[in-house]
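The values are calculated or read from the model by the stated rules, or taken from the named source; none is laboratory data. Just so it is clear, the structure is predicted and the values come from calculations on it, not from any experiment. We place every Cβ from the backbone using ideal geometry, glycine too, and count neighbours over all the protein chains shown. In case anyone asks, the SASA skips ligands and DNA or RNA and just uses the protein heavy atoms, side chains included. Shrake-Rupley method; radii C 1.70, N 1.55, O 1.52, S 1.80 Å.
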Amino acid sequence: MKKVLKTMLLAFGLSAVFSLAAFADGWTMENGQWAYYENGYRVTNDWRTSADGGYYYLGSNGYMAVNSFINSERYVDADGRMVTNGWRQIDSKWYYFDNNGQLITNRSRQINGLWYFFDYDGSMRTGWVEDGDSLYYCDPEAGGRMVTSTWRYIAPDPDLVNDYDDSPYSADGKYWFYFLSSGKAVRSQGYGEYREMVINNNRYSFDYAGRMQVGWVQVDASASPAIAGYRYYNDSESIGTYGAAHQGWLSAYPPEDEGYLGNVSWYYFDSKGQPYYGTDVSESDDDETLVAKFKRLEKDGKTETYLFNEYGNPVYGLRKVRRSNGEVTSMYFGTSQECCLQKGTKRITDSEGNSYTYNFDSQGYGYTGVRDGKLYYMGLLQRAVDSSYAYYTVNGETYLVNSSGNIRKNYNSNKEEAEYKSDSQGKWMSGAYAEPSELLTPVFEVSYV
């Protein structure tokens, strides 16, 4: 700058020594500082150009300013020249000035294809930036540029997590965040809410602070049954893409909220991470009747039919179910290792070691009626218990059965009166004075996986 101004003075034909009474217009050096005269007076508080095309500022004392902000809008360097169209680091902070020398303040700006945020004083911002409802991250390790179209494993904005700290535990205080092409972090719009987004064909969930969720997440606290309001996102790469909604079978602890504390259980999740579940239609605590809504699923290389309870677990053992036509009957889902629908004739042993015969139809429902010479009610074989024979009434017809459960036909049909009499179909006949016994009914033992 000094060389430029010296050249400029020579060009203007100014003398090296000036009279104290009058000064020629233009640039001149006084007491080691540059001044600019017009009509014999020093210019103050205004800009002037020089032969190099640059702009220089004359302060209130009439001397050229250096290394200074001018009206908090522009900046002049060590030579006094206004900084334009570039970055300047000033007192350890970075600033950017446009081609008019204007300081970029309180907004974002794209520079050389990259986006940056600037504070009210014009200094470049780094770290988290909340702009209205949008959240951005300006990476201090990447020169402050805005992060776009990628994942980042970083600490959350402390202004957001102080009031919202129920995200899964993090040993180092960092979480995964995803930023859109606009630079916006994917986040929900309210505390306690979650936003789902499909990224690279995987579904993820994010909280208000933008933190990717893992494990159980309650997305709807009003859902009924409560398990319907939960989703599960992989908390280990061993079970799938980390953080993605889990699909398929998973053995896991139940959610800790809503009284779900318990042991590890099996669950099956759809493509959105929602567990399959059933509905308990009973109004009594000791009568858990499930709506028979089945899922035909593959497990361990085999495709089987499963029934899920209101906690999202596949049931096993003998269960009481309600069919779509309203009929209540039994179904059998095998042992705790099977948990899948069983059909045909089965021997089922209760918790006291008593063994019973059941018959289930092609859909798995406990059969009611006569089948293969035997009488069944809700799948349970009806047999004489206290004597050699017994009458049982099923579907409005009364049959005579023996202690093995076989229907006894043409019994004592040649006598006018007898304790038990039956016709050719094994049905009660007039003249028999034994009363029908109360039906044998299944004993349902509630069992969870």
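Residue check: is Tyr116 out of contact with any Cys (no Cβ under 7 Å at 6 or more places or on another chain), crowded, with 19+ Cβ neighbours inside 10 Å and assigned to a strand (DSSP E or B)? When the stated conditions are applied, Tyr116 does not pass them.
At negative phi and more than 12 Å from the chain's Cα centre (by Cα): which single residue out of Ala245, Ala252 fits that description?
Every option except Ala252 fails the conditions.
Within segment 181-205, the set of residues being under 12 Å from the mean Cα position of the chain (by Cα), within 20 Å of Asp157 (Cα to Cα) and free of Cβ contacts under 8 Å to residues at least 40 places away in the same chain comprises Val186, Ser188, Gly192, Glu193, Tyr194, Arg195. So is Gly278 crowded, with 20+ Cβ neighbours inside 10 Å, outside any helix (DSSP H, G or I) and modelled with pLDDT under 90 or not? In short, yes.
What do you reckon, is Arg74 under 57 Å from the mean Cα position of the chain (by Cα), within 17 Å of Gly101 (Cα to Cα), of a type in the set (Lys, Arg) and open to solvent by 40 Å² or more (accessible area, probe 1.4 Å)? So Arg74 passes the test. The condition of being in a loop (DSSP other than H, G, I, E, B) and closer than 25 Å to Ala252 by Cβ holds for Ser170. Tally the residues that are buried (at least 17 other Cβ atoms within 10 Å of the Cβ) and either touching a residue at least 40 places away in the same chain (Cβ under 8 Å) or small (Gly, Ala, Ser) (or both), restricting the search to segment 119-134. Qualifying residue count for the region: 2. Within the set Asp172, Asp157, Asp220, the sole residue that is among the acidic types (Asp, Glu), exposed (fewer than 15 other Cβ atoms within 10 Å of the Cβ) and farther than 24 Å from Ser271 by Cα turns out to be Asp172.
Answer yes or no: is there a residue in segment 315-338 that is at pLDDT 85 or above, within 21 Å of Gln247 (Cβ to Cβ) and within 29 Å of the chain's Cα centre (by Cα). Within segment 315-338, none of the residues are at pLDDT 85 or above, within 21 Å of Gln247 (Cβ to Cβ) and within 29 Å of the chain's Cα centre (by Cα).
Screening segment 296-315 for residues that are among the hydroxyl-bearing types (Ser, Thr, Tyr) and open to solvent by 60 Å² or more (accessible area, probe 1.4 Å) and picking the one that is nearest to Phe269 (Cα to Cα) gives Tyr311. Screening the candidates Tyr356, Tyr365, Tyr377, Tyr389 for the property of being of a type outside the set (Asp, Glu), more than 18 Å from Arg319 (Cβ to Cβ) and touching a residue at least 24 places away in the same chain (Cβ under 8 Å) yields one hit, Tyr389. For segment 48-95, enumerate the residues that are touching a residue at least 24 places away in the same chain (Cβ under 8 Å), closer than 17 Å to Met29 by Cβ and part of a strand (DSSP E or B). Tyr56, Tyr57, Tyr63, Met64, Arg81, listed by residue number. In summary, Lys6 fulfils each of the numbered conditions (1) of a type in the set (Lys, Arg); (2) farther than 19 Å from Val83 by Cβ; (3) modelled with pLDDT of 95 or more with the single exception of condition (3). Total residues in segment 135-153 satisfying the condition of being open to solvent by less than 20 Å² (accessible area, probe 1.4 Å) and either part of a strand (DSSP E or B) or farther than 23 Å from Ile199 by Cα (or both): the figure is 4. Across segment 316-329, the number of residues qualifying as in contact (Cβ under 8 Å) with a residue 40 or more places away in the chain and either open to solvent by less than 40 Å² (accessible area, probe 1.4 Å) or part of a strand (DSSP E or B) (or both) comes to 8. Reported count of residues in segment 223-246, each being farther than 17 Å from Tyr204 by Cα, touching a Gly at 6+ places or on another chain (Cβ under 7 Å) and open to solvent by 10 Å² or more (accessible area, probe 1.4 Å), is 1.
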